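Visitor: Can you keep this structure in mind? I'll have questions shortly.
The values are calculated or read from the model by the stated rules, or taken from the named source; none is laboratory data. Owing to the predicted nature of the structure, the values given are computational and were not obtained by experimental measurement. Note: ideal-geometry Cβ built from the backbone for every residue, glycine included; neighbour counts use all protein chains shown. These accessible areas exclude ligands, DNA and RNA; they are computed on the full protein's heavy atoms, side chains included. Shrake-Rupley method; radii C 1.70, N 1.55, O 1.52, S 1.80 Å.
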Amino acid sequence: MSLAFDDYGRPYIILRDQGQKKRMKGLEAYKSNILAAKAIANTLQSSLGPKGMDKMLVSPDGDVSVTNDGATIVEKMEIQHPTAKLLVELSQSQDAEIGDGTTGVVVLAGKLLEQALTLLDKGIHPLKISDGFDRACDVAIKHLEQIAEEIDIQANDHEALIQAACTALGSKVVSKRKRELGKIAVTAVLDVADLTRKDVNLDLIKIQTKTGGSVEDTRLISGILIDKDMSHPQMQKEVTDAKICLLTCPFEPPKPKTKHNINISNAEDYNKLYQQEQQYFIDMVKLVKNSGANIALCQWGFDDEANHLLLQNNLPAVRWVSGTDVELIAMATGARIIPRFQEITPEKLGKAGSIKEVQFGTSNERMLVIENCQCTKAVTILIRGGSQMIVDEAKRSIHDAICVIRNLIKDNRIVYGGGSAELACALQVLQYADEVSSVEQYAVRSFADALEGIPSCLADNCGLNPITSVAQAKSRQLSEKNPRIGIDCMDLGTTDMKEQRIYETLSSKKQQIQLATQVVKMILKIDDVIAPDDY
Amino acid sequence: MSQFLQPTILLLREGTDTSQGRAQIVSNINAVQAVADVVKSTLGPRGMDKMIQTGPKVTISNDGATILNLLEVVHPAARVLVDIAKSQDDEVGDGTTSTTLLAAELLKEAKPFIEEGIHPQIVIQGYRKALELALEKLEGFSINISRDSPEDKRDTLLKCAQTALNSKLLANTKQFFSELVVSAVEKLDPNILDRDLIGIKNVTGGSVTDSFLVDGVAFKKTFSYAGFEQQPKRFENPKICLLNLELELKSEKENAEIRIEKPEEYQQIVDAEWALIYEKLEIIVKAGAQIVLSKLPIGDLATQYFADRNIFCAGRVPQEDLLRVQKATGGQVQTTVNGLNPETFGTCGLFEEVQVGAERYNLFKNCPQSRTATIVLRGGAEQFIQEAERSLNDAIMIVRRCFKANKIVAGGGAIELELSRYLRHYARSVTGKTQYIVNSYAKALEVIPRTIAENAGLNSIEIMNKLRQRHAQGGEEGRWYGVDINGQSGVCDTHSSFVWEPSLVKRNALCSATEAACAILSIDETVKNPKSDQDTKMKPKGQPGRPPMGMRR
């Protein structure tokens, strides 16, 4: 910050560490903020759409991840710049709320800022610009609601849901198998969905990854998969009609939580103690056995002695099952979690059709599959893939697809993708612009231009000529009064997105436009940046 | 000539900064200007925001008090400004920027007088006199709003909330948020209006218009143990048991030791420990509680125990949330379960766990004694929500104030101009130096409409002339003309366009701004001690263990 001097010739020190602070004001501040935010948007731009490219990100620890998901990219980029961080949060909040469309929202914000920059150069007050954007945003949202179509999610074996999931998966590395994965995602969501309350608790869908095999081997298990094996190699590998005893106490003599000492003074006492200990083990196993359970899952461990005893009593057991897994298993099998051996009763046991130990490929790793559970309220998606990176990316992609389906269950209105919805809004906003008599007109028009940026970006990423294809689509939308004309990214020969079945949820599109406008407004409202000098 | 030979007398510690006299006053005034300049552009509906980075944290704000606080002002005179902004914030919650600006402008007007050699005390006297007159007039001008029907009252409150939100990020959705704020305040006990009973919860994601009001309490799902998902998540008219009690297997690690003689006794000890916790749980269940909330942790054992008996529980509920649940449901927080009485249970119309954004929230709705409300704020980015929260806070404070005091004035600079006109008029009837000073006070008041116009990109000189002319015509119709940021002419009757503010805000702003200006004017010497960290650096150099200066003498 610049220094002022008083009458004695001494500098004013008004702020702490004044010399180390930098202040940007007015136009300089707007421009610096916009440029920083635009830089982020430009990075993401090439990831948009079905032919979007992936980014490879290397973390400080050397972990490599390859992804196409906007929220993941910006998160891993570890951005420092405060304004650019706003865009990161923008993407993440889209991720949290909708789960899909995280790239689109950032690209749209970038396009809006680009337009704002030219408007600023024209000398328009930033708040006028943001007012104009706001009005345009309202128009666009209203229009979106008009062109949205309600779909019957039940019809034709949930075909619409599968299509929407395919659209979400279309841009990812797993797009080759999008139909299969889409189906898996739809079945998984429908299994756990509460259709009357329109609520889906995503915690009930477990996504488990395992490298090896190929993406085709990904499958849905209507039950739970846990990354554990039987505690003893000789125990039976498969239990049918399993009655599960779910324990949260260890297979060992109970310990008082209070600090305690056991003083043994002679051999007799020692033997007594040993016998007592043995008795505990025998009692425990007996208690479990008596209840009718034929498998025990334990949150804690048990030592070899107990293990051996279990084997002898022909009671398969699993140790060190994690807390979340215990909960999931309880939900799925209807078991009650049992905190101590004395409380085991037959009613508290969970029931499952089968529990199987499965082995993958040639590796030694085994997993337990619990299937045909009494009340299938939890499901697992097991993702396979050639490498860790593919598996991780597939996991993110399936997460996106699951979110899309959840949103459709909540609100079954859709718009068509491929840039068609944006184009339709752009046309509507342009029309509205002419009705605005004040300075905001320019801003409204620019908003329309920014919206067109999305289809043009899509076309660009697909190797089409962005200007021609957008112009064509625009003119056809106008002449045919068909808001479903978009960009034919997949080269299927039609630009009608209804025929291509590119479905996107209305809530996601609405959210994208609203969030992007909000953040742009926020950035435009900052006229003063005070920061440490190294900023 | 003997005084030249006098040895210098060391009065103060080395490094102490002293400056005094008229130049000191002027220097202080300049420092104040510099600070006021920072917040100047945030005033009014077209005010801009500031982005301030402190360490890794970035704040974007339009709120005068917040900005000044984050600037870390160290200049002693300029700190006065920070303090008055803070006091305005505490007292009325809004109008912090205008208070700061007004104080700075009063000082700026005083500067020529000081430079010309008028004694500061005369200026102070003049300002005090002017303040007295202005306050008197403000009282006379303020409009007593009709409070006959509840609708009218609600309407007024809405208008005031909207005026407060005008300059904030939420300006475009002010309709929506003013409804939210007024509904929230209406929920409170009208006699106390405790601000703490309105909770604001931030959840990133969604659009701002997805924000909603819960007529009861909402809080984020607390950390839960296995078994939690098996608990029911929805109750109608539940019995809510509030506890400040740990429901876990407790270990006495520190102050207990057990000596066991026989192995059989071992089992007894274990059983005793279990019995302790089971006894507690049993009492709760027997009393008929359906929801158990505790400030302290509820362990996995208790979670599963409750799940088995269709009871919902949440441990580690934050203190203020528990307090609000208590107020809302009419329950009482118990520190022990012994003698647990169903009368201490609270209840509410509906309890539900729902998904909000990425989080799950516990909602207690339709509370019978609803003296509390919760606003769940949604928005795109963390900073956005934080700023929205600050803005809502301002609006809530204004509505609260308005709820009690039913006097309003028109905003948009109208009241300042009217007061200014009156003071100018009055000044003519005064003889002596005071005339100048009252006139300056009048001029300083104009800073508010002028800055609003400037920030909106209007021609401030032209607007000010128009406004002065309107007000000079006098009477009822010219009185409420203020800056219009939307229209073509730039001026309008702000009263009829519903830019309303409680007169209390203005009153407090005038008082604290004048007080601050007078305080700074009356300082003619600053003694600034060297920083204490310099002290520690110097010590090892020189005489170790040297007593402080004062003691040596």
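Visitor: Return the long-range amide H neighbours of residue B:407 (sequence gap of 5 or more, or a different chain), with a cut-off of under 5 Å between placed amide H atoms.
Guide: Sorted by chain and number, the residues that satisfy this are B:503.
Visitor: Step through the table entries B:153/B:187; A:178/A:410; B:233/B:295; A:76/A:178; B:168/B:201; B:168/B:506, compare each Cα-Cα distance with 21 Å, and write down the pairs that go over it. Intermediate results must be reported in sequence, preceding the final value.
Guide: Values: B:153/B:187 14 Å; A:178/A:410 23 Å; B:233/B:295 19 Å; A:76/A:178 26 Å; B:168/B:201 19 Å; B:168/B:506 19 Å.
Correct reply: A:178/A:410; A:76/A:178.
Visitor: Under the rule a/c < 1.5 gives rounded, and otherwise a/b versus b/c splits prolate from oblate, where does chain B land using the Cα gyration tensor? It would help to have the intermediate numbers written out before the result.
Guide: Working: a/c = 2.96, a/b = 1.51, b/c = 1.96.
Judged from the Cα gyration tensor, chain B comes out oblate (a/c at least 1.5, b/c at or above a/b).
Visitor: For region A:199-263, count the residues as N, evaluate 2.2 N^0.38 Å, and divide the Cα radius of gyration by that value, please.
Guide: Values: Rg = 19.1 Å, N = 65, 2.2 N^0.38 = 10.7 Å.
My calculation over the Cα atoms of region A:199-263 gives 1.77.
Visitor: Compute the long axis of helix A:102-121 from its Cα atoms, compare it with the longest principal axis of the Cα atoms of chain A, and write down the angle in degrees, 0 to 90, nearest 10.
Guide: The helix A:102-121 is inclined about 20 degrees to chain A.
Visitor: Counting only other chains, and only Cβ atoms inside 10 Å, what mean value do you get across the residues of A:88-98? Please report the intermediate quantities before stating the final value.
Guide: Details: counts 2, 9, 5, 2, 6, 14, 4, 3, 8, 11, 3.
Per residue, the number of nearby Cβ atoms from other chains is 6 on average.
Visitor: Let me ask you something else. Radius of gyration and Dmax for region B:188-245's Cα atoms, expressed in Å?
Guide: 15.5, 44
Visitor: Still on this structure: If I model chain A as equal point scatterers sitting on the Cα atoms and use the Debye formula, what is log10 I(q)/I(0) at q = 0.07 Å⁻¹?
Guide: Log10 I(q)/I(0), no solvent term: -0.55.
Visitor: How long are the three semi-axes of the equivalent ellipsoid for the protein assembly as shown, computed from the Cα gyration tensor as the root of 5 times each eigenvalue, in whole Å, largest first? Numbers along the way, then the final one.
Guide: Numbers: eigenvalues 734, 339, 169 Å².
Over the Cα atoms of the protein assembly as shown, the ellipsoid semi-axes are 61, 41, 29 Å.
Visitor: If Lys and Arg each add +1 and Asp and Glu each add -1, what is the summed charge of the other residues whose beta carbon sits under 12 Å from the beta carbon of residue A:217?
Guide: Details: positive: A:177, A:210, A:219, A:384; negative: A:180, A:216.
Taking every other residue near residue A:217 into account, the sum is +2.
Visitor: Probe radius 1.4 Å, ligands and nucleic acids left out: which of B:236, B:139 has the largest accessible area, and how do the rest follow?
Guide: On the way: B:236 125, B:139 80 Å².
Greatest to least solvent exposure: B:236, B:139.
Visitor: Quick one: which of A:108-117, B:332-341, A:121-130 comes out on top by average Cβ neighbours within 10 Å, and what's the full order, highest first? Let's see the in-between values first.
Guide: Working: A:108-117: 25.2, B:332-341: 13.8, A:121-130: 18.3.
The packing order, highest mean first, is A:108-117, A:121-130, B:332-341.
Visitor: Grab the other residues whose beta carbon is less than 11 angstrom from that of residue B:131, score K and R as +1, D and E as -1, and report the net.
Guide: Numbers: positive: B:128, B:129, B:137, B:507; negative: B:132, B:136, B:515.
Residues near residue B:131 contribute +1 overall.
Visitor: Can you tally the net charge around residue B:517? Count Lys and Arg as +1, Asp and Glu as -1, for every other residue whose Cβ sits under 12 Å from the Cβ of residue B:517. Don't jump to the answer; show the numbers that get you there.
Guide: Working: positive: B:108, B:111, B:128; negative: B:105, B:109, B:515.
Its environment carries a net charge of 0.
Visitor: Let's test this: bin the Cα-Cα distances of region A:72-165 at 5 Å from zero up to the farthest pair and state each bin's percent.
Guide: Whole-percent P(r) values from 0 Å outward: 3, 10, 13, 16, 18, 15, 11, 7, 4, 2, 1, 0.
Visitor: Rounded to a whole number of µm²/s, how large is the Stokes-Einstein D of region B:304-352 at 37 °C and 0.692 mPa s, given Rh as the Kirkwood radius over C-alpha pairs?
Guide: Details: Rh = 12.3 Å.
Rounded to a whole number, D works out at 268 µm²/s.
Visitor: Let me ask another. Could you work out the mean count of beta carbons from other protein chains within 10 Å of each residue's beta carbon in B:167-174? Don't skip to the end; give the middle numbers.
Guide: Details: counts 0, 1, 5, 0, 6, 10, 2, 0.
That average works out to 3.
Visitor: Working from Cα positions, state the angle (0 to 90°, nearest 10) between the long axis of helix A:420-433 and the longest principal axis of chain A.
Guide: The angle comes out near 40 degrees.
Visitor: Angle, helix B:263-287 long axis vs. longest principal axis of chain B, Cα atoms, 0 to 90°, nearest 10?
Guide: 60
Visitor: Highest mean first, how do A:36-42, A:57-63 rank when packing is the count of other Cβ atoms within 10 Å averaged over residues?
Guide: Working: A:36-42: 21.1, A:57-63: 9.4.
Top to bottom by mean Cβ count within 10 Å: A:36-42, A:57-63.
Visitor: I would also like to ask the following. Suppose R0 equals 35 Å; then what is the FRET efficiency for residue B:366 and residue A:61 from their Cβ-Cβ distance, rounded to the nearest 0.05?
Guide: On the way: r = 51 Å, r/R0 = 1.45.
The pair residue B:366/residue A:61 has a calculated efficiency of 0.10.
Visitor: Continuing with the same structure: Let me cross-check residue A:81: its accessible surface, 1.4 Å probe, with only protein heavy atoms counted, in Å² to the nearest 10?
Guide: Solvent-accessible area, nearest 10 Å²: 50 Å².
Visitor: Follow-up. Once you wrap a convex hull around the alpha carbon atoms of region A:406-525, what is its projected area averaged over all directions, in nm²? Please list the in-between numbers first.
Guide: Working: hull surface 34.8 nm².
Directional mean of the projected Cα hull area for region A:406-525 stands at 8.7 nm².
Visitor: What FRET efficiency do you get for residue A:465 and residue A:435 if R0 is 25 Å and r is their Cβ-Cβ distance, rounded to the nearest 0.05? Please list the in-between numbers first.
Guide: On the way: r = 32 Å, r/R0 = 1.30.
With a Förster radius of 25 Å, E is 0.15.
Visitor: So for region B:421-520, taking the charge dipole from beta-carbon charges (+1 Lys/Arg, -1 Asp/Glu), which of B:437, B:452, B:482 sits furthest toward the positive end?
Guide: B:437
Visitor: Across peptide B:207-217, what mean number of C-beta atoms from other chains lies inside 10 Å of a residue's C-beta?
Guide: On the way: counts 11, 3, 2, 3, 0, 0, 0, 0, 0, 0, 0.
Mean partner-chain Cβ count within 10 Å for B:207-217: 2.
Visitor: Using the Kirkwood radius over Cα pairs, work out the Stokes-Einstein diffusion coefficient for region A:321-378 at 37 °C and 0.692 mPa s, in µm²/s as a whole number. Walk me through the numbers before you get to the answer.
Guide: On the way: Rh = 12.6 Å.
My calculation gives 260 µm²/s for D.
Visitor: Let me ask you something else. Just give the residues from region B:297-311 buried by at least 30 square angstrom of accessible area in the all-chains context relative to the isolated chain, probe 1.4 Å, and say none if nothing qualifies.
Guide: B:304, B:308
Visitor: Can you list, bin by bin at 10 Å, the percent of alpha carbon pairs in region B:337-385, starting at 0?
Guide: Result, from short to long distances: 18, 36, 29, 12, 5 percent.
Visitor: Accessible surface of residue A:190 in the full protein assembly, 1.4 angstrom probe, to the nearest 10 Å²?
Guide: Spelled out: residue A:190, probe radius 1.4 Å, area about 40 Å².
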